[in-house]
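Written out below as C-alpha cells is the structure these notes cover.
The values are calculated or read from the model by the stated rules, or taken from the named source; none is laboratory data. Keep in mind the model is a prediction, meaning the values are calculated, not measured. Neighbour counts are summed over all protein chains in view; Cβ atoms, including those assigned to glycine, are modelled from backbone coordinates with ideal geometry. The accessibility values were calculated without ligands, DNA or RNA, using every heavy atom of the protein model including side chains. Shrake-Rupley method; radii C 1.70, N 1.55, O 1.52, S 1.80 Å.
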Amino acid sequence: MVETDAFIEEAVEEIRSTIGDRNAVIALSGGVDSSVAAALAHEAIGEQLVPVYVDTGLMRKGETEQIRETFSFMERLQIVSAQERFLDALAGITDPEEKRHVIGEQFIREFEREARESDADFLVQGTIYPDRIESEGNIKSHHNVGGLPDVVDFEGIVEPVRDLYKDEVRDVARALGLEAVVAERMPFPGPGLAVRIVGEVTESKLETAREATAIVEDELEPYEPWQAFAAVLGKATGVKGDNRVHGHVVAVRSVESRDGMTARAQELDWDVLQRIQSRITGTIPNVARVLYDVTHKPPATIEYE
Ligand code: XMP
C-alpha cells in the first residue's frame, strides 16, 4: 500500500512538471487503465485536463451512463455520440484486421476533432506494460498504442501507468478511490464488442453480444474470472415453439489470467453454465444455441478477432 501511495505521489508530480500550466487531453475508454491515467492527470492538473469519451456503440451495457456518472467530477468531460458513424464505417467488413483498422481510424477521427477544440498540447494515455510488449511484438494491431499520437501535433505524450501490470493498476485505482465498478471491472478491448462478433458487425449481433455479455458477467462475477463475456459466432438452427429458426450462435468465454498474455479457460459447474444458457436463450429471442469455450491461450486468443 505504501508503494501504491508513493507511486501515485510520484506520478502526479511527474505529470504536473511535464504539463505545467498547459492543457492535456485523454481518451477515456471506461476501462481501468485509462480511468486511472485520467484520475492521476486530473489530480495533477485539474481543469487543464480534457477527458474525451467516444461512445462507439461497441460498449458494454450501461457503460456510457456509468462513465458519465463516475467522471462527472471532471469539469471538462466530453461525451461524443458516434454510434451511427461507427456502424456505418463497419458495414460490410468481415476481415478481423480490417475491422480493427476501421475502428481505430474512426476513433482517431472522432478524437481528433475533440482534441483540436480542447487546445491541448499534451496527450495522456493509459498504456500499460503488457500493451507495450504486445505492440512491440506486433501480435495484433492494438488501438491503444501507436495510433493516436499522429493525430494532432502534440508536444508530448504522458503515459503515467506505462510500467504497471493490470493488477497493479487496480491497486492504484482503489487507492485513488475510483468506484469499484471501474477498479474491479473486467478488462475490455479497445475495439469493444466488435472483436466479440465474428464477421460483419450488425446492430442485431451487437445487441446480442451486449445483452449476453451482461448476463455472463452477472452470473460469473462470483467466480472472479479475469474476463468473462459472450461472443456471437454465426448462425445455426434451433427450435422455438413449433418452428425451426435460424438464430445466432453465442459462445461463452471465461478465463483466468494475470496479464492477458496467457490465459486458462475457467472450469465451471454445469449448473451455472445451464443457467447462463437458459437466461441467454430465454431473454434474447434470436439466439439458437449457446456454447462454452474450453480453449486456453495459447492456442486461442482471449477475444475472438
Ligand atoms: P487477446 O484476444 O489478444 O487479448 O488474447 C489479450 C487481452 O487484450 C485485450 N485486448 C485489447 N485491449 N485494445 C485493448 O485495449 C485492443 O485492441 C485489444 N484487443 C484485445 C483482451 O480483452 C484481453 O484482455
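Can you confirm whether residue 192 is of a type in the set (Gly, Ala, Ser) and not assigned by TED's automatic domain parsing to the domain that holds residue 56?
Criteria met by residue 192.
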Selection from region 183-206 of residues that are surrounded by fewer than 22 Cβ atoms within 10 Å (Cβ to Cβ), of a type in the set (A, V, I, L, M) and assigned to a helix (DSSP H, G or I):
183
Among what's in region 36-91 and is of a type in the set (Ser, Thr, Tyr) and open to solvent by 50 Å² or more (accessible area, probe 1.4 Å), pick the residue that is nearest to residue 192 (Cα to Cα).
81
Name the residue, out of 36, 50, that is part of a helix (DSSP H, G or I), over 30 Å from residue 205 (Cβ atoms) and in the same structural domain as residue 109 (by TED's automatic domain parsing).
36
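If I ask for residues that are on the phi < 0 side of the Ramachandran plot and not aliphatic (A, V, I, L, M), which ones from region 36-57 would you list? Walk me through it before giving the result.
Of region 36-57, the ones on the phi < 0 side of the Ramachandran plot are 36-45, 47-56.
Of everything in region 36-57, those that are on the phi < 0 side of the Ramachandran plot and not aliphatic (A, V, I, L, M) turn out to be 42, 43, 47, 48, 51, 53, 55, 56.
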Considering region 1-33 alone, what residues qualify as being in contact with a strand residue (DSSP E or B) (Cβ under 9 Å, 6 or more places away or on another chain), surrounded by fewer than 22 Cβ atoms within 10 Å (Cβ to Cβ) and either part of a helix (DSSP H, G or I) or free of Cβ contacts under 8 Å to residues at least 24 places away in the same chain (or both)?
14, 18
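Residues are listed down the side, and each one gets a yes or a no for (1) modelled with pLDDT under 95; (2) farther than 15 Å from residue 301 by Cα; (3) more than 14 Å from the chain's Cα centre (by Cα):
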{"site": "185", "(1), (2), (3)": "yes, yes, no"}
{"site": "200", "(1), (2), (3)": "no, yes, yes"}
{"site": "208", "(1), (2), (3)": "no, yes, yes"}
{"site": "219", "(1), (2), (3)": "no, yes, yes"}
{"site": "231", "(1), (2), (3)": "no, no, yes"}
